[in-house]
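For reference, the structure discussed in these notes is given below.
The values are calculated or read from the model by the stated rules, or taken from the named source; none is laboratory data. As the structure is a prediction and not an experimental result, all values here were calculated from the model. Neighbour counts run over all protein chains shown; Cβ positions are idealised from the backbone, glycine included.
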Amino acid sequence: MPDAPGLELIAQELNDASEGSVLGTYHEHGQACLIVDSDRVLDVLGWLRHTPGQEYRFLASLHGVDYLPAEPRFGVVYELLNMPRVERLRVRAALDDPAGSADEGAPDRPRPRSGEDDPQTLLPAIDSCVSLFPTAEFQEREVYDFFGIVFRGHPDLRRILMPEDYVGWPQRRDFPLGGEPVIFTHNEREVPRWFE
Amino acid sequence: MSRPGTETPGAPERETLERTEGEVVGTSAVERTAAVEELEPEHELLTINMGPHHPATHGVLRLLVSLEGEVVRDLKPIVGYVHTGIEKNCEDKSYWKVIPFVERMDYLSYFFNMEAFCGCVERLLELEIPPRAEYLRVLHLELNRIHSHLVWLGTSALDLGAMSMFFYCFRDRDRVLDLFEMSTGQRMHTRYFQVGGVFEDIPVGFERNLRAFCSEMPSRIDQYMAILDRNEIFLSRTRNVGIVDRDRLLDLGVSGPLLRAAGEPWDLRKVAPHLAYPDLDFQIPIGTVGDGYDRYRVRVQEMRESVRIIEQVLDGLPEGPWIADDRKVVLPPRDELPVSMEALIHHFKLVTEGFRVPPGEAYNAIDSPRGELGCFVVADGPDKPARVHFRDPSFVNLQALREMSVGGYVADLIQNLAMLDPILGGIDR
């Protein structure tokens, strides 16, 4: 892990290379994190991957986080790894929720689908990093599946773990747990729109 | 053209097939196939489903395969059939109740799932675990690695037609499960690791049984290698099949034995010292070519190294407590409950509510039998995590299957999948 001054140095150089890309840093539990502007995330990742002396070439993990009461609401977290130096660096892209905090992610069925039918303007969007890190393909699909974050330029952005016709973004914090009735033979007619 | 005389007058003329003046192309079946391929190549592509229910997919994995004859031209893995929403459910459980949940993801390496999660929470709590707990954790992790590799070896050899391997491997796997049952009370999904250490010390007689197992295991591995290494079918099906070069594997995020078989000596046990691994002497087996045979050799060799690690752990097992003495996190010892009011209060608070974790986020990666198993936990203050994410190695490694298989035969696809060792419980979570 880069130590706290090393992290500040990286943030400084990144801000020199791409103005205003780093919004903040934190260093806790021995792990370093850069919070970056979601529109500049490709610049940041590309810089961290290609600049001599940085060379974070391995994307260990990519995942989404929903910090619901906080603003900006969403985070896409990239766990980068420099294998020769065994240094990990977390990059978190901060994303606002374009739909506001009132009515999204909720699972009630009659509402029009907020990902497939609507233009995806109501979903937060970020550039896909598949061109830099091919490993991100499945993981970006997973983040899209669970958080409804659109990855621009992803080759095949579909749901991956949930059924293809599923409505809603199940891992958002305002998506209730246990909100779906389980269909049995005795109650299948009572479950709304079970036949679709 | 309808035959004259067969139709009744006035009836509409039926469309019937016209017999063309055909010409036989070529003199043999091979020539004819080649001629047809030249005329209409796209007609030869056949898209089929392999799975979801297929004995060779090691779970509920569906592969959409485009075939040109026997040759795989494209491949798309479709997953999610056993998705159970474990990550979402974890957000509604207090930290100590999450442990049995995450164990059930990758059901062959449950100790690793526990270690990834407990290590992550300990990092958030900045809690040190006692040395005996570190050693006991390593002991169970390495036993679990042997168990996982034995299941892999048995089922993969079965995929390639070596039926007897399955029985031999499951015989030895059962001995590992017996050991787990002895030390933890359960054969699978043991919930043995706790935040702060391990649940219980190893019982009397466990060391004797484990040493007997360790002394037998190397010769058993020799026997397995003798069965497979001289097997002409096994060799010709695994050698030089499914090669993806090292840089491409790194781009695809592949880790673990697959990456080591391609010649990259990357093992988190060595490079990121945690638990008792820095005290132990072991080697990282690596391959040279990166084909299926190397993957098999690397895993088998890893079992030998795990046996060595376990023997060293038994030799150097330090005395002392096996769980941390932090009463805000760890349950007080049972014998204190009747005599100490304070212990009773702590016990009550921990069981009814659980412990609180200060806000923060951490990523903890360990080397599971399939590669880098990472756990990312976001804590926001209360006794439940705000987000638990598992970076499962099978999920990421599965992306390499396409590169391994395209251009090869369907039979090689089965071999590649077997040597990839995906666990669908971990992929779908």
Original post:
When you scan the range A:1-29, how many residues do you find that are over 30 Å from B:Glu126 (Cα atoms) and not in a loop (DSSP other than H, G, I, E, B)?
Top reply: 5
**OP:** Pick out the one residue from B:Leu150, B:Leu143 that is in contact with an Asp or Glu (Cβ under 7 Å, 6 or more places away or on another chain), modelled with pLDDT of 90 or more and surrounded by 22 or more Cβ atoms within 10 Å (Cβ to Cβ).
**Re:** B:Leu150
Original post:
In this structure, does B:Gly290 turn out to be assigned to a loop (DSSP other than H, G, I, E, B) and either within 18 Å of B:Leu373 (Cβ to Cβ) or touching an Asp or Glu at 6+ places or on another chain (Cβ under 8 Å) (or both)?
Top reply: yes
**OP:** Considering only the range B:253-264, state which residues are crowded, with 24+ Cβ neighbours inside 10 Å and either at the interface with another protein chain (Cβ under 10 Å from one of its Cβ atoms) or aliphatic (A, V, I, L, M) (or both).
**Re:** B:Gly253, B:Val254, B:Ser255, B:Leu258, B:Leu259, B:Ala261, B:Ala262
**OP:** Quickly run through the range B:315-337 and pick out the residues that are assigned to a helix (DSSP H, G or I) and either among the acidic types (Asp, Glu) or buried (at least 17 other Cβ atoms within 10 Å of the Cβ) (or both).
**Re:** B:Asp315, B:Asp335, B:Glu336
Original post:
So which of A:Ala70, A:Ala32, A:Ala60 is modelled with pLDDT under 85 and either within 11 Å of chain B (Cβ to nearest Cβ) or not in a helix (DSSP H, G or I) (or both)?
Top reply: A:Ala70
**OP:** Evaluate the following for B:Leu125: is it closer than 27 Å to B:Glu319 by Cβ, over 17 Å from the mean Cα position of the chain (by Cα), crowded, with 24+ Cβ neighbours inside 10 Å and of a type outside the set (Val, Ile, Thr)?
**Re:** no
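Quick grid of which residues meet (1) polar (S, T, N, Q); (2) in contact with a strand residue (DSSP E or B) (Cβ under 9 Å, 6 or more places away or on another chain); (3) touching a residue at least 24 places away in the same chain (Cβ under 8 Å); (4) within 12 Å of another protein chain (Cβ to nearest Cβ):
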| residue | (1), (2), (3), (4) |
| --- | --- |
| B:His58 | no, no, yes, no |
| B:Glu68 | no, yes, yes, no |
| B:Val79 | no, yes, yes, yes |
| B:Ile86 | no, yes, yes, yes |
| B:Asp92 | no, no, yes, yes |
| B:Tyr95 | no, yes, yes, no |
| B:Ser109 | yes, yes, yes, no |
| B:Phe112 | no, yes, yes, no |
| B:Ala116 | no, yes, yes, yes |
Original post:
Within the bounds of the range A:73-81, is there any residue that is crowded, with 16+ Cβ neighbours inside 10 Å, away from every other protein chain (no Cβ under 12 Å), under 18 Å from the mean Cα position of the chain (by Cα) and within 21 Å of A:Ser128 (Cα to Cα)?
Top reply: yes
**OP:** Mind telling me which of the residues B:Phe348, B:Phe395, B:Phe390 ends up being more than 14 Å from chain A (Cβ to nearest Cβ) and either farther than 30 Å from A:Arg88 by Cα or at pLDDT 90 or above (or both)?
**Re:** B:Phe348
Subject >> Selection status of A:Leu161, more than 10 Å from chain B (Cβ to nearest Cβ), under 17 Å from the mean Cα position of the chain (by Cα) and not in a strand (DSSP E or B) >> reply: no
